[in-house]
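The values are calculated or read from the model by the stated rules, or taken from the named source; none is laboratory data. No experiment lies behind these values; they were computed from the predicted model shown. When we count neighbours, we look across all protein chains shown, and the Cβ atoms used for this are built from the backbone with ideal geometry, even at glycine. When the accessible area is computed, the model is the full protein with side chains, heavy atoms only, and any ligands, DNA or RNA have been set aside. Shrake-Rupley method; radii C 1.70, N 1.55, O 1.52, S 1.80 Å.
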Amino acid sequence: MSGDGVDDRAQDRRGDLGVPASQDGGRDTEIAALVGRLTGADDLDAESRRSLLARLVGLLAERARRTGADGLRGGRWLAELLTEIAPHLPVRDAATLSAHHGHLTGEPLADSLVRTAMAATTAVGAAGGALAAVQFTAPPLLLTAPVQLAAETLVIAAIEVKLIAELHAVYGVQLHGSPTARAGAYLTSWARRRGIDPLKGGSLADALGTAAKAALRKRLVRTFGRTMTTMGPLLAGAAAGAALNRAATKRLAETIRADLRRQTGVPLAVRL
């Protein structure tokens with residue numbers, strides 16, 4: 001994953017919405033940049049977030065046509081995309097996180113991280129529902145809806161994977177290895193809903209092996225199914241999608257934190 005200490009707002013210098021302009025052969029890079037921007041979207045207003053999501057939908061549709069991808073509900077295409085993007089997510093180390101969250105440390109810092117991630121996935125659900133509401137009467141919706149759901153799924157998963165990586169940093173559970181290896185471990189943690197024990201043999205070597213890839217696809221399919229609520233009529237889908245995302249991110253964080261507390265000996269005392 002990208003270097004510790006990367007400021008989520010650093011990308012604001014590029015373009016009106018913090019995303020570099022697409023060039024020939026650069027669309028996959030732009031997909032990663034868009035997802036990275038949306039994972040740190042606490043500084044975005046609703047209109048900007050919808051614009052970013054709409055751009056991501058367009059790029060995913062182009063990629064699907066270019067690669068011949070189909071069967072989005074099977075999870076394989078999304079798993080490949082998320083695996084490509086994960087090493088480039090802007091993950092921060094504990095010191096940088098503390099500086100960005102009012103110099104909090106330990107459990108209060110973890111609480112703040114989880115609240116931020118919950119707000120981010122809530123906002124994605126709301127943005128997806130609002131985008132669907134705007135397009136609801138347009139015939140192309142029937143064709144673009146699966147790609148929009150894929151885009152929402154990808155962003156939600158990325159936000160939660162980034163949260164997992166940063167929670168490990170807060171609890172002092174350090175992973176070593178290449179960015180790709182660490183990203184694979186965090187993706188496996190997300191898919192299996194378990195914290196990572198770096199002392200356990202094979203915790204990195206087994207990341208994204210055959211079983212882990214199957215678990216990742218299964219988890220993405222479940223998340224994809226959850227995002228279908230954003231396709232509800234008018235803005236009812238936005239409200240439903242926001243609420244479901246918030247609850248799911250909270251449950252995930254509680255599970256991961258419980259594992260990390262057991263590893264580090266922190267008392268099971270804090271609940272959001």
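Within segment 256-267, work out how many residues are surrounded by 15 or more Cβ atoms within 10 Å (Cβ to Cβ), at pLDDT 80 or above and not charged (D, E, K, R). Write out each step before concluding.
Step one: of segment 256-267, the residues surrounded by 15 or more Cβ atoms within 10 Å (Cβ to Cβ) are 256-257, 259-261, 263, 266.
Keeping just the survivors that are at pLDDT 80 or above gives 256-257, 259-261, 263.
Now narrow it down to the ones that are not charged (D, E, K, R): 256, 260, 263.
Total meeting the criteria: 3.
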Task: Every pair of residues 6+ apart whose Cβ atoms lie under 9 Å, when the first sits in segment 144-157 and is more than 18 Å from residue 248 (Cβ to Cβ) while the second is of a type in the set (Val, Ile, Thr) and open to solvent by 10 Å² or more (accessible area, probe 1.4 Å) - done: 144/57; 147/57; 148/57
Task: Pick from segment 218-244, criterion over 27 Å from residue 176 (Cβ atoms) and among the basic types (Lys, Arg), ranking: modelled with the highest pLDDT - done: 218
